[in-house]
Ligand SMILES: Nc1ncnc2c1ncn2[C@@H]1O[C@H](COP(=O)(O)OP(=O)(O)OP(=O)(O)O)[C@@H](O)[C@H]1O
């Protein structure tokens with residue numbers, strides 16, 4: 001049961017939950033404004049020192065004003081847990097927005113129509129903050145849930161794909177000479193008909209990704225994210241946890257970057273995160289973040305590269321089963337070319353993604369403005 005009142009805010013309903021807490025739609029009883037309130041109930045309660053620091057952080061965030069950066073109105077402490085009050089965005093996270101199809105997009109007003117408070121599943125590995133006790137990997141103090149595969153986007157649920165999958169299954173079920181399951185499966189995989197079906201499935205997936213109006217929305221959203229990043233970087237802030245669920249798009253297709261400032265606040269406070277724990281979402285972390293080095297704006301540009309790579313190819317740049325495997329790959333392995341996965345992908349956007357993903361900071365774009373220029377070319 002959500003609390004009824006949090007400070008001067010009346011809780012109306014739940015908008016969603018992530019790794020560190022829950023976001024509520026709430027009414028400011030002083031002004032009658034509807035806001036989004038993020039209660040960080042997953043973190044340990046604040047002591048007085050951390051509460052004072054939260055108030056100081058708020059002063060920095062409250063000064064920010066940019067059309068692509070979510071407005072932060074207030075911070076507070078409720079029963080020991082910090083909360084952040086921000087602009088309510090009636091919209092979707094970036095991935096869900098890109099999953100919309102034409103018919104959802106063309107309302108008479110030209111904006112896309114959304115059920116208000118639509119409960120959508122989280123669209124990435126939302127548990128950014130690991131929990132040592134839940135860790136299944138001896139080598140790492142992190143929670144593997146934080147590493148969980150994202151739920152497939154609608155782009156990956158094929159149109160006409162069910163038949164293809166059925167055909168694949170039927171091909172694999174055909175009897176063969178010795179009748180053993182193993183031989184049957186491997187001979188089915190070698191069967192040219194199975195290979196053809198697999199190729200068709202892959203083509204259908206990438207055709208979905210390459211739909212021109214989806215690509216138009218993707219590029220436009222990315223440009224707006226670059227504007228938001230240029231703005232916060234210009235104010236000396238690094239987001240540190242850039243991922244698709246921290247990017248929302250409203251009904252007028254205006255992008256809002258959210259949750260900046262929070263990652264640093266949590267990272268700086270050993271009482272909140274535990275000594276030596278990362279703050280950020282594994283899949284989007286740059287090599288320097290993994291290595292625990294000081295971060296600058298280019299760490300966010302790397303995360304932007306992971307997002308762009310995923311949105312272009314339909315899969316993450318690194319495919320690993322454990323955090324330690326992922327980190328080894330992020331530090332040492334080059335991601336497969338986007339255009340090898342998505343043969344008809346946009347070559348310009350693919351080039352931008354690969355340059356953002358460079359391991360050496362100096363090899364990446366150096367500023368969000370440069371990325372904007374490259375995307376706009
Ligand atoms: N300002 C807002 N306006 C409207 N909905 C919001 C707002 N902020 C968050 N939400 C909704 O609440 C959901 C949960 O947000 P939250 O920030 O807690 O989680 P997350 O970003 O998925 O994960 P994490 O906590 O790891 O960053 C979001 O996916 C979004 O749907």
Q. Can we say residue 95 is more than 21 Å from residue 15 (Cβ to Cβ) and either away from the ligand (no atom under 16 Å from the Cβ) or outside any loop (DSSP other than H, G, I, E, B) (or both)?
A. no
Q: Identify, from the list 26, 51, 36, the residue that is away from the ligand (no atom under 15 Å from the Cβ) and outside any loop (DSSP other than H, G, I, E, B).
A: 51
(Q) Please pick out the residue among 46, 64, 84 that is touching a helix residue (DSSP H, G or I) at 6+ places or on another chain (Cβ under 8 Å) and surrounded by fewer than 19 Cβ atoms within 10 Å (Cβ to Cβ). (A) 64
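What number of residues within segment 355-365 satisfy the criterion of being surrounded by fewer than 20 Cβ atoms within 10 Å (Cβ to Cβ) and assigned to a helix (DSSP H, G or I)? Give the derivation first.
To start, the set of residues in segment 355-365 that are surrounded by fewer than 20 Cβ atoms within 10 Å (Cβ to Cβ) comprises 355, 358-363.
Restricting the remaining residues to those that are assigned to a helix (DSSP H, G or I) gives 355, 361-363.
Number satisfying all stated conditions: 4.
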Q) Is it the case that residue 15 is within 13 Å of the ligand (Cβ to nearest atom), at pLDDT below 95 and either assigned to a strand (DSSP E or B) or surrounded by 19 or more Cβ atoms within 10 Å (Cβ to Cβ) (or both)? A) yes
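The values are calculated or read from the model by the stated rules, or taken from the named source; none is laboratory data. Bear in mind the structure is a predicted one, so any value in this text is a computation, not a measurement. Counting neighbours? That spans all protein chains shown, and the Cβs are built from the backbone with ideal geometry, glycine included.
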